[in-house]
Protein chains: 2
Amino acid sequence: MEPDEALRRALRLAVDPPAGVSIEAVRELARDDDASEWNIATAAKHLGVSPHTLRYYERIGLVRVARDAAGHRRYDAPAVRRLVFVTRMRVSGMSISDLRHYVDLADAEQDTVSERMDMLLEHRDTLRSQIAQLQLALAATEYKIATYQEVHQL
Amino acid sequence: MEPDEALRRALRLAVDPPAGVSIEAVRELARDDDASEWNIATAAKHLGVSPHTLRYYERIGLVRVARDAAGHRRYDAPAVRRLVFVTRMRVSGMSISDLRHYVDLADAEQDTVSERMDMLLEHRDTLRSQIAQLQLALAATEYKIATYQEVHQL
DNA sequence: CCTTGCGTTCGAGCGCGCTCAAACCCCTAC
DNA sequence: GTAGGGGTTTGAGCGCGCTCGAACGCAAGG
């Protein structure tokens, strides 16, 4: 078994939430049973962002990252999972400040589940309308392409 | 018939390219047979952007807009169609500079169809992967929502 | 010992896409 | 005549999200 197998597994689970997942997978994600960790370059590569961006995300409080003896960042499974979530939300248009609010709630001691739920529900709606928008744009683009092709045949 | 019926029709046609459209619709879109025009406030309202933005788009060459006797902008059907296209492409992530390139080609004298086709094809691919990304994000979000709900029931 | 390479912190800079403000113009209604 | 509400032009400003640079630290290899 590769040394960072657990990290890759966490990454994959977070990346591809299967259709019928449930408590099982949550527990899996919640387990921190592997000592394997990534340095910033490796983490950046797997997450598809730059090391600069990873440092930036940590600086603004989106993720907490441990240090090794030399003071270098070590990305463990929880950090990677958080970053997968963060990058996904960023890519899907959630603003940095909303994301900060969300992770502040997630990191809080108290029960903030209902407020986070509200944010998630709202983001879900945003995503749905975004997708609808993009599908409209796609239809328009394909329509234009088809038109050009037809015109070209005249 | 409302005075700006033709403009609304142009807007609708450009907004909702029906599945099986063809030359017919193109001709319809291409006809400039109506004298009705919009002022900047009306155009902005219908296009869902601010007057500021409309002036900005004109300034950077994305659209040409005529003036009335008083020097006020008059948005006719071609301008509206162009702006529908522009806003759709913007919303779907095409950069201003790419759009400028595209409309420069479209406004050029020469035959630039093939180059525009290339841009459209590329944008189509971008749109498809964007949609895929968003659907992933949506799945992840719904997964998280479902998880919270299950946890809440425990 | 010294270079190479990878990391650190912190503040500053930047590109994009608007967004605004100032000074002005014109038309209509009172 | 004048107040109000729409519009115009231009250059400047701004918020976001990185992105970079400078100065430094540490550890391994030649």
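The values are calculated or read from the model by the stated rules, or taken from the named source; none is laboratory data. The structure displayed is predicted, hence computed values, not measured ones. Note that each Cβ is placed from the backbone with ideal geometry, even for glycine, and that neighbours are counted across all protein chains shown. Remember, those area values only see protein heavy atoms, side chains included, never the ligands or the DNA or RNA. Shrake-Rupley method; radii C 1.70, N 1.55, O 1.52, S 1.80 Å.
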Next item on the list: Provide the per-residue ³J(HN,Hα) series for the range B:105-116, in order, calculated from phi with Karplus coefficients 6.51, -1.76, 1.60 and θ = phi - 60°, each as a whole number of Hz, with x at glycine and proline positions.
Entry: 5, 5, 8, 6, 6, 5, 7, 10, 4, 5, 5, 5
Item checked: Within-13-Å neighbourhood charge of B:ALA106 [Cβ basis; K, R +1; D, E -1] -> 0
Next item on the list: Taking each label point as 7 Å beyond Cα in the direction of the beta carbon, state the distances from A:VAL91 to the same residue in the other copies, shortest first, in nm.
Entry: 2.3
Next item on the list: Select from the range B:53-154 those trypsin sites (Lys or Arg not before Pro) which occupy a DSSP coil region and have at most 15 other Cβ atoms within 10 Å, ordered by residue number.
Entry: B:ARG64
Margin query: Need the full-extension length gain, B:ALA106 to B:SER50, defined as separation in residues times 0.36 nm minus the C-alpha distance. One decimal, nm.
Written below: 17.7 nm
Check: Hey, got a sec? Which GluC sites (Glu not before Pro) in the range A:79-154 land in a DSSP loop and have at most 16 other Cβ atoms within 10 Å?
Finding: A:GLU109
Check: How many Cβ atoms of partner chains, on average, are near each residue of A:123-134 if near means within 10 Å of its Cβ?
Finding: 5
Notebook entry, point to check: Which net charge results when you count Lys and Arg as +1 and Asp and Glu as -1 among the other residues whose beta-carbon is under 13 Å from that of A:ALA44?
Noted result: +2
Checklist line | Cα-based radius of gyration of the range A:46-101 once divided by 2.2 N^0.38 Å, which approximates compact folds | finding: 1.11
Checklist line | Exam field: A:HIS72 pseudo-label spacings to other copies (7 Å along Cα-Cβ), nanometres | finding: 6.7
Notebook entry, point to check: What accessible area, summed over both chains, is buried at the B-A interface (1.4 Å probe, Å², nearest 100)?
Noted result: 4000
Notebook entry, point to check: In whole percent, how big is the carbon plus sulfur part of the accessible area of the range B:49-154, probe 1.4 Å, protein atoms only?
Noted result: 48
Next item on the list: For the range A:88-96, just list the computed ³J(HN,Hα) in residue order, Karplus coefficients 6.51, -1.76 and 1.60, θ = phi - 60°, integers in Hz, with x standing in for Gly and Pro.
Entry: 5, 5, 4, 4, 8, x, 6, 6, 4
Notebook entry, point to check: Under a Cβ-Cβ cut-off of 15 Å, what is the net charge of the residues other than A:LEU121 that fall near it, where Lys and Arg count +1 and Asp and Glu count -1?
Noted result: -2
Item checked: the range A:112-154: mean projected area of Cα convex hull, nm² -> 2.5
Notebook entry, point to check: Ranked from the most accessible area to the least, with a 1.4 Å probe and all protein chains present, what is the order of A:THR126, A:THR42, B:THR112?
Noted result: A:THR126, A:THR42, B:THR112
